[in-house]
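The structure appears right after this line, and notes come after that.
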Amino acid sequence: MPYHEFQCSKCIPERKQHAVIKGKGETLTDALPLGYLNTIPGSISERGCAYCGAKHVIGTPMKDVIHLSHGPIGCTYDTWQTKRYISDNDNFQIKYTFATDMKEKHIVFGAEKQLKQSIMEAFKACPHIKRMSIYQTCASALIGDDIEAVAQEVMDEMPDVDIFVCNSPGFGGPSQSGGHHKINIAWLNQKVGTVEPEIKSDYVINYVGEYNIQGDQEVMIDFFNRMGVQVLATFTGNGRYDDLRAMHRAHLNVLECARSAEYICNELRKRYGTPRLDIDGFGFEPMAVSLKKIGLFFGIEDRAQAIIDEETARWQPELDWYKARLLGKKVCLWPGGSKLWHWAHVIHEEMGVDVVSVYTKFGHQGDMEKGISRCEEGALAFDDPNELEGLEAMETLKPDIIFTGKRPGEVAKKIRVPYLNAHAYHNGPWKGWEGWVRFARDVYNAIYSPIHKLALLDISKDEIPTDKGFETQRMLSDADLSDEIKNSTTLREYTGKYNCLKDLRKKTYAPFERRELADAV
Amino acid sequence: MAEQMNDKIAQMENYIMKKCLWQFHSRTWDRKRQNENILGMTKRILLGQPVDKDTPEDRCYWVDAVTMAEAFRERCPWLADMTKDEIAALMDGLYERIDFLTVTGSLNQELNDQHY
Ligand code: SF4
């Protein structure tokens, strides 16, 4: 597996250790990109800061909480509403954002008074919310404000509120990943074990590392409810603050994004003996295997199988409609962390696309091990990319689409490469069987949008054809398809609803079973 | 003969590396424990021996082991023609290989970090 040197990064020779090409017959022991290191000076990274990782990724998806940044307004602005971690309480946590708005005078004289005032104001402005998370930023960390002391003072004065303090300033780590780590451990140390939950089922899990992007968590909770599995807490998408204080009582931690949340699972295993089961919630087969494993753990695998059979029968013809049209399309899979390995093999197997490159902005070497293992030979894998490297890779690999964040995504658009937002999605949810078809539909819509062809014409110099009408998506995607596929009566396009969460939120379930209670009666 | 064995191990290795996540926990001691327990249990299942799964921890290993044993039986039809001794030797070889790829031969510099 040779290391790869980008032409544009020849002047930063250290970058060579951060990129490899997966060679034929070679293994992870031949070469592995470096990862989770400070960005090399001269390389304009696409990473976020450790405050952003703590607040933006993990803290803010908690839904019944005032999320207050103790710092200049700019830190908060960058973490506001850019990710679609929705919730079923009218999206309180993304509708409102709070900051103490630190200014020069606070840096000189301290900002603890301002912090207390802001806390009080926020609780007053939202009288129905009794929980708060406070996030330290570079400014408040450097002047040494004692956020815990202020929070404690408020809790003493207002016994009905509870406050969590996250000390993860922007400089606390090479990337947002440092913040993931800090908030995991802070939550565990400060809050887990401080609430006793009502146990309603014999089968109790925490669902960890799931952030309810466009409703992913709600899709998964539906499966768990159908299996009779009680989800004590989701860390943290659509999660309730007090539920997350009760994480110590689960029988099993089901871990989705190990990159951002393995820390809390590892510590829960050490401190409370709760085992950690890593799963994949994306794709038909991984989804099926994951539910089956949870079923096996509790001895209810037949319930998982019933869901698998029903969902597969319902959605397979639709996934296959898209697969037939996406076969052989080249993808650069360039997410932040875990989707690199959640998706690398399964988009190839189930959507028929070829992953020609994987990268991770803030992943560790362990994520690269997983991602490189799962992608096909010949793929270019690189860590902590910069914009020029991304451009060079797109120019040489000529992908049909890239899956990435909005900053590199906009860069891709400039060179007419369509992109899907791997962090916030387009028309999600993308988890579960239906979600996976919605993802395939988004990929199809992006690749075959007629706009890309039109955009390639430069009206200042190209001849504009006036004898032809517009081409439609279907004309483009079906041009080389066999009649058998084109006229198939079994394959069909997505037939779900525009908003597939609406009905889910109204759904009712059979009550959970509790053997111990039944025995006692 | 050795070549045939290596080829079989490679097929199983490919399944693990593509489909599983349990082998990539974040520290050396963690990976060793996962490899030993999960592959150990898979071996017992394939040999038709009983597996101890009374504690939640063991049950969690078993979940991955039983899923993998099922997948091996499905994807590696040649397993059905092997004797128990051959299966035992094959699984020992697979264990050694996975330990090499994920622990002893791994280039992951975080594996020996003292903290999680
Ligand atoms: S690096 Fe510091 S100042 Fe910049 S956004 Fe992050 S916390 Fe705020």
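The values are calculated or read from the model by the stated rules, or taken from the named source; none is laboratory data. This structure is a prediction, so every number in the text was calculated from the model and none was measured. Ideal geometry is used to build each Cβ from the backbone, glycine not excepted, and the neighbour counts take in all protein chains shown. Side chains are part of the model used for accessible areas, which takes the heavy atoms of the whole protein and leaves out ligands, DNA and RNA. Shrake-Rupley method; radii C 1.70, N 1.55, O 1.52, S 1.80 Å.
Looking at A:Gly25, is it within 14 Å of chain B (Cβ to nearest Cβ) and free of Cβ contacts under 8 Å to residues at least 24 places away in the same chain? Taking the combined requirement at face value, the residue satisfies it.
Those strands (runs of 3 or more DSSP E) of region A:331-439 in which at least 1 residues are within 14 Å of chain B (Cβ to nearest Cβ) and touching a strand residue (DSSP E or B) at 6+ places or on another chain (Cβ under 8 Å), considering only elements entirely within it, cover A:354-360, A:380-383. Filtered by the rule that a residue be surrounded by 21 or more Cβ atoms within 10 Å (Cβ to Cβ) and in contact (Cβ under 8 Å) with a residue 40 or more places away in the chain, region A:61-82 gives A:Pro61, A:Met62, A:Lys63, A:Val65, A:Ile66, A:His67, A:Leu68, A:Ser69, A:His70, A:Gly71, A:Cys75.
Can you confirm whether A:Ile40 is of a type outside the set (S, T, N, Q), more than 14 Å from chain B (Cβ to nearest Cβ), touching a Cys at 6+ places or on another chain (Cβ under 7 Å) and farther than 18 Å from A:His180 by Cα? Spelling it out, it is not the case that A:Ile40 is of a type outside the set (S, T, N, Q), more than 14 Å from chain B (Cβ to nearest Cβ), touching a Cys at 6+ places or on another chain (Cβ under 7 Å) and farther than 18 Å from A:His180 by Cα. Residues in region B:3-19 that are in contact (Cβ under 8 Å) with a residue 12 or more places away in the chain and either buried (at least 22 other Cβ atoms within 10 Å of the Cβ) or at the interface with chain A (Cβ under 8 Å from one of its Cβ atoms) (or both): B:Met12, B:Ile16, B:Met17, B:Lys19.
The residues of region A:170-186 that are within 16 Å of the ligand (Cβ to nearest atom) and either under 17 Å from A:Arg271 (Cβ atoms) or part of a helix (DSSP H, G or I) (or both), listed by number, are A:Gln176, A:Ser177, A:Gly178, A:Gly179, A:His180, A:His181, A:Lys182, A:Ile183, A:Ala186. Of the set (1) crowded, with 18+ Cβ neighbours inside 10 Å; (2) not in a helix (DSSP H, G or I), all apply to B:Glu110 but (1).
Among the residues of region A:6-22, just one is within 14 Å of chain B (Cβ to nearest Cβ) and among the polar types (S, T, N, Q), namely A:Gln17.
Could you check region B:20-48 and list, in sequence order, the residues that are within 13 Å of chain A (Cβ to nearest Cβ), free of Cβ contacts under 8 Å to residues at least 40 places away in the same chain, in a helix (DSSP H, G or I) and not hydrophobic (A, V, I, L, M, F, W, C)?
Passing the criteria: B:Asp30, B:Arg33, B:Gln34, B:Asn37.
Per the listing A:His67, A:His128, A:His106, the residue uniquely outside any strand (DSSP E or B) and within 15 Å of the ligand (Cβ to nearest atom) is A:His106.
Filter region B:49-88 down to residues that are within 20 Å of B:Arg33 (Cα to Cα), assigned to a helix (DSSP H, G or I) and in contact (Cβ under 8 Å) with a residue 12 or more places away in the chain, then give me how many there are.
9
So for region A:157-164 (the condition being closer than 25 Å to A:Val195 by Cα and within 16 Å of the ligand (Cβ to nearest atom)), does at least one residue qualify? No - not one qualifying residue is present in region A:157-164.
Does A:Arg474 count as charged (D, E, K, R), over 22 Å from A:Asn445 (Cα atoms) and surrounded by 10 or more Cβ atoms within 10 Å (Cβ to Cβ)? Considered against the rule, which asks whether it is charged (D, E, K, R), over 22 Å from A:Asn445 (Cα atoms) and surrounded by 10 or more Cβ atoms within 10 Å (Cβ to Cβ), A:Arg474 comes out as no.
Look through A:Gly328, A:Gly281 and report the one residue that is away from every other protein chain (no Cβ under 11 Å), over 22 Å from the mean Cα position of the chain (by Cα) and under 24 Å from B:Met17 (Cα atoms).
Values: A:Gly281 fails: over 22 Å from the mean Cα position of the chain (by Cα).
After ruling out the rest, the residue left standing is A:Gly328.
Candidates A:Asp202, A:Asp156: the one that is open to solvent by 10 Å² or more (accessible area, probe 1.4 Å) and in a helix (DSSP H, G or I) is A:Asp156. Scanning region A:41-55 for residues that are in contact (Cβ under 8 Å) with a residue 60 or more places away in the chain and either more than 10 Å from the ligand (Cβ to nearest atom) or hydroxyl-bearing (Ser, Thr, Tyr) (or both) yields A:Ser43, A:Ile44, A:Ser45, A:Glu46, A:Arg47, A:Tyr51. When A:Asn189, A:Asn167 are checked against the criterion of being open to solvent by 10 Å² or more (accessible area, probe 1.4 Å), free of Cβ contacts under 8 Å to residues at least 60 places away in the same chain, within 16 Å of the ligand (Cβ to nearest atom) and not small (Gly, Ala, Ser), a single residue qualifies: A:Asn167. Being buried (at least 24 other Cβ atoms within 10 Å of the Cβ), closer than 30 Å to A:Gly74 by Cα, away from the ligand (no atom under 16 Å from the Cβ) and in contact (Cβ under 8 Å) with a residue 12 or more places away in the chain is not true of A:Val150.
Conditions (1) buried (at least 24 other Cβ atoms within 10 Å of the Cβ); (2) of a type in the set (Gly, Ala, Ser); (3) facing another protein chain (nearest Cβ under 10 Å); (4) not in a helix (DSSP H, G or I), marked per residue:
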{"position": "A:Gly239", "(1), (2), (3), (4)": "yes, yes, no, yes"}
{"position": "A:Asp242", "(1), (2), (3), (4)": "no, no, no, no"}
{"position": "A:Val254", "(1), (2), (3), (4)": "yes, no, no, yes"}
{"position": "A:Tyr263", "(1), (2), (3), (4)": "no, no, yes, no"}
{"position": "A:Lys270", "(1), (2), (3), (4)": "no, no, yes, no"}
{"position": "A:Pro286", "(1), (2), (3), (4)": "no, no, yes, no"}
{"position": "A:Lys292", "(1), (2), (3), (4)": "no, no, yes, no"}
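Considering only residues in region A:303-338 that are in contact with a Phe, Trp or Tyr (Cβ under 8 Å, 6 or more places away or on another chain) and among the acidic types (Asp, Glu), the one that is nearest to A:Phe512 (Cα to Cα) turns out to be A:Glu311. Annotation: of all residues in region A:294-305 being aliphatic (A, V, I, L, M) and in contact (Cβ under 8 Å) with a residue 12 or more places away in the chain, the one that is nearest to the other protein chains (Cβ to nearest Cβ) is A:Ile294.
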